[in-house]
1. Could you list, in sequence order, all residues of segment B:101-126 that are farther than 24 Å from B:Ala70 by Cβ, free of Cβ contacts under 8 Å to residues at least 60 places away in the same chain, part of a strand (DSSP E or B) and out of contact with any Ser or Thr (no Cβ under 7 Å at 6 or more places or on another chain)?
2. Taking B:Thr3 as meeting all but one of (1) β-branched (Val, Ile, Thr); (2) buried (at least 19 other Cβ atoms within 10 Å of the Cβ); (3) more than 27 Å from A:Ala132 (Cβ to Cβ), write down the number of the exception.
3. Answer yes or no: is there a residue in segment B:101-108 that is buried (at least 21 other Cβ atoms within 10 Å of the Cβ), closer than 25 Å to A:His121 by Cα and within 16 Å of the ligand (Cβ to nearest atom).
4. Specify the residue that is surrounded by the fewest Cβ atoms within 10 Å (Cβ to Cβ); the eligible residues are those in segment B:26-35 that are more than 8 Å from every other protein chain (Cβ to nearest Cβ) and either of a type in the set (A, V, I, L, M) or within 23 Å of B:Arg93 (Cβ to Cβ) (or both).
5. Please state which one of B:Ser28, B:Ser66 is within 16 Å of the ligand (Cβ to nearest atom), modelled with pLDDT under 95 and in a loop (DSSP other than H, G, I, E, B).
6. Give me the helices (runs of 4 or more DSSP H) completely within segment A:224-312, filtered to those with at least 2 residues that are more than 16 Å from the ligand (Cβ to nearest atom) and under 19 Å from the mean Cα position of the chain (by Cα), ordered by residue number.
7. Filter segment A:33-48 down to the residues that are of a type outside the set (Val, Ile, Thr) and touching a Ser or Thr at 6+ places or on another chain (Cβ under 7 Å) and list them by number.
8. Scan segment B:134-148 for residues that are free of Cβ contacts under 8 Å to residues at least 40 places away in the same chain and more than 10 Å from chain A (Cβ to nearest Cβ) and report the count.
Amino acid sequence: MGKTLAEKILSQKSGSDARAGSIVVAEVALVFAQDTTGPLTVTQFQASGFQNLANPNKTALFLDHAAPSPNYRLSSEHILLRQFAQQTGCLIFDIGDGICHQLVAESLAKPGDVVIGADSHTVTAGGLGAFATGMGSSDVAVAFGLGKTWFRVPESIKVVVSGNFVEGVYAKDLILHLIGNIGANGATYRALEFSGDTVDRMSMSQRFTIANMAVEAGAKAGLFPADNITKDYLISQGRGNHYQPVFPDADATYEQIININVAELEPTVSKPNTVDNIALAGELKGTKIQQVFIGTCTNGRLEDLAVAANILKGKKRHPDTRLIVAPASRQVLLAAIEAGYIQSLIEAEAVILPPGCGACLGLHQGVLGDGESCLSTANRNFKGRMGNPQASIYLGSPATAAATAITGEITDPREVI
Amino acid sequence: MLTGRALKFGDNISTDHIIPGRLAHLRSNLPELAKHVMEDADPDFASRVTPGDFIVGGSNFGLGSSREHAPLVIKISGVSAILAKSVARIFFRNAINLGLPVLICDTDKINDEDKLEVDLVAGTVNDITNGNRLTFSEIPEVMLHILDEGGLIPYIQKHGDFKL
Ligand code: SF4
């Protein structure tokens with residue numbers, strides 16, 4: 001009997017016949033934590049009695065959530081993480097390098113890997129054909145020490161995506177549409193496995209956007225095959241030798257198959273306070289927005305900044321709407337400068353933040369005021385997410401965000417392009 | 001056998017309701033952080049909760065971030081177990097890793113402030129207030145072992161590795 005992507009990767013890395021429902025122990029190719037989960041990870045690592053990392057070069061720390069640090073307490077946490085890296089020899093990415101998931105995609109994860117991170121959006125690396133999932137600090141601490149962890153092999157839901165996107169509609173609209181339909185609980189404990197002719201043509205940037213948000217449907221992983229597009233991406237990152245093809249078997253067993261024709265999709269927005277509370281951007285016309293945020297591990301890549309910059313070029317933000325942009329990594333920022341996108345964004349009166357999580361989790365750099373509404377390209381709009389439970393968050397694509405910045409109210413990007 | 005009072009919540013209680021990201025600077029000061037437990041779902045929770053109480057959620061309890069501080073502040077508040085119709089995967093694993101039982105059962109049958117008796121071995125919840133008797137779904141064996149040891153860290157201290 002054939003295997004799903006999840007079953008294939010977990011079989012290979014556990015050396016056993018991993019089938020949905022079975023419990024396996026698998027080697028991890030990469031285990032990481034970031035600056036808000038890392039300190040507890042270090043504490044748990046030490047409490048477990050470990051002295052050394054199982055694999056220092058497969059262990060990483062990222063200072064990205066509070067980067068640069070907004071207060072002395074978080075600065076002290078950064079010191080602790082830098083010291084841990086120095087003592088153990090693990091990889092460390094400091095402020096300005098970028099968001100952990102973007103850096104994992106650019107330079108660390110490989111097709112067929114098992115990756116775990118103390119951050120729920122670790123699923124992003126599923127775009128590369130890696131079985132990547134988020135865990136808490138204790139699990140990650142133990143994987144720091146043992147180089148492996150246990151998994152319950154998930155059942156898989158196959159999402160077959162076909163057709164061509166119409167103008168103004170992107171991967172973000174597709175994943176918001178999917179989550180809206182299956183619900184924030186619709187894939188809990190499952191792997192979402194993507195395929196179909198649209199996926200065969202889809203850029204890595206869009207695959208990462210979709211894989212990133214798999215967790216917003218409760219999924220343990222959001223998985224893409226590793227094909228020639230993956231190969232070209234890895235070559236462009238100077239690591240063509242990291243490529244290996246990873247495909248599910250044709251006769252694999254799926255719990256459910258969902259078909260989506262993207263030609264039928266329209267620009268989609270999640271309304272407060274859950275990601276599955278979707279509406280079409282056009283239906284929300286008239287909803288005033290005080291802040292637009294473009295960035296995050298969902299939509300802070302070069303392709304995203306290109307879409308936003310092309311819409312905003314030669315225009316200005318609405319006087320009542322602040323525009324904040326945070327590139328996902330230094331590589332993205334440099335490429336966006338080179339391509340002229342940053343120039344266009346700044347001329348449109350955007351504030352450019354350093355590469356990192358920026359305003360996403362409400363720690364600094366764009367905290368919302370009472371009663372304010374934000375249109376963000378992030379993945380989450382829970383109450384309080386951007387630092388204020390009295391504020392509202394809408395989620396959309398970079399195109400919807402750029403259009404909204406121009407008009408000051410939620411806008412279908414097709415109205416301005 | 002655990003006995004205590006039900007403190008009821010609705011569906012989709014996220015890790016941001018439990019302990020929001022804006023308080024990340026307090027994560028190295030757990031007693032201070034714990035004062036904000038469940039704040040964005042119920043601002044009075046920290047003063048209302050008493051040791052032994054149960055948090056009773058609806059569906060998809062604990063969705064969102066991987067922050068282990070969410071089950072950790074609940075544990076520090078003295079809550080003895082979480083009951084819900086369904087629980088987000090990372091939260092579930094994190095809670096068990098901290099030795100905090102998470103039980104999946106039909107919580108629609110439980111009301112706020114009901115007195116409950118939970119039998120972890122028999123897998124039952126007895127609602128003493130309204131007489132309902134519920135069963136909760138099985139927890140994977142590896143998680144039961146971790147729970148038995150009081151959490152993942154004591155489990156690893158004892159066994160040094162995963163014993164499946
Ligand atoms: S950008 Fe937002 S969602 Fe992504 S890792 Fe940072 S805080 Fe989390």
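1. B:Asn126, the sole residue that qualifies.
2. Of the numbered conditions (1) β-branched (Val, Ile, Thr); (2) buried (at least 19 other Cβ atoms within 10 Å of the Cβ); (3) more than 27 Å from A:Ala132 (Cβ to Cβ), the odd one out for B:Thr3 is (2).
3. Taking every residue of segment B:101-108 in turn, none turns out to be buried (at least 21 other Cβ atoms within 10 Å of the Cβ), closer than 25 Å to A:His121 by Cα and within 16 Å of the ligand (Cβ to nearest atom).
4. Among those residues, the one meeting the criterion is B:Leu30.
5. Details: B:Ser28 fails: within 16 Å of the ligand (Cβ to nearest atom).
Of B:Ser28, B:Ser66, the one residue that is within 16 Å of the ligand (Cβ to nearest atom), modelled with pLDDT under 95 and in a loop (DSSP other than H, G, I, E, B) is B:Ser66.
6. In segment A:224-312, the matching helices (runs of 4 or more DSSP H) lie at A:228-236, A:302-312.
7. The first filter runs over segment A:33-48 and keeps only residues of a type outside the set (Val, Ile, Thr), leaving A:33-35, A:38-40, A:44-48.
Correct list: A:Ala33, A:Pro39, A:Leu40, A:Gln44.
8. Within segment B:134-148, residues that are free of Cβ contacts under 8 Å to residues at least 40 places away in the same chain and more than 10 Å from chain A (Cβ to nearest Cβ) number 7.
The values are calculated or read from the model by the stated rules, or taken from the named source; none is laboratory data. Every value quoted in this text rests on a predicted model; they were computed, and no experiment measured them. Note that we place each Cβ from the backbone using ideal geometry, even for glycine, and neighbour counts take in every protein chain shown.
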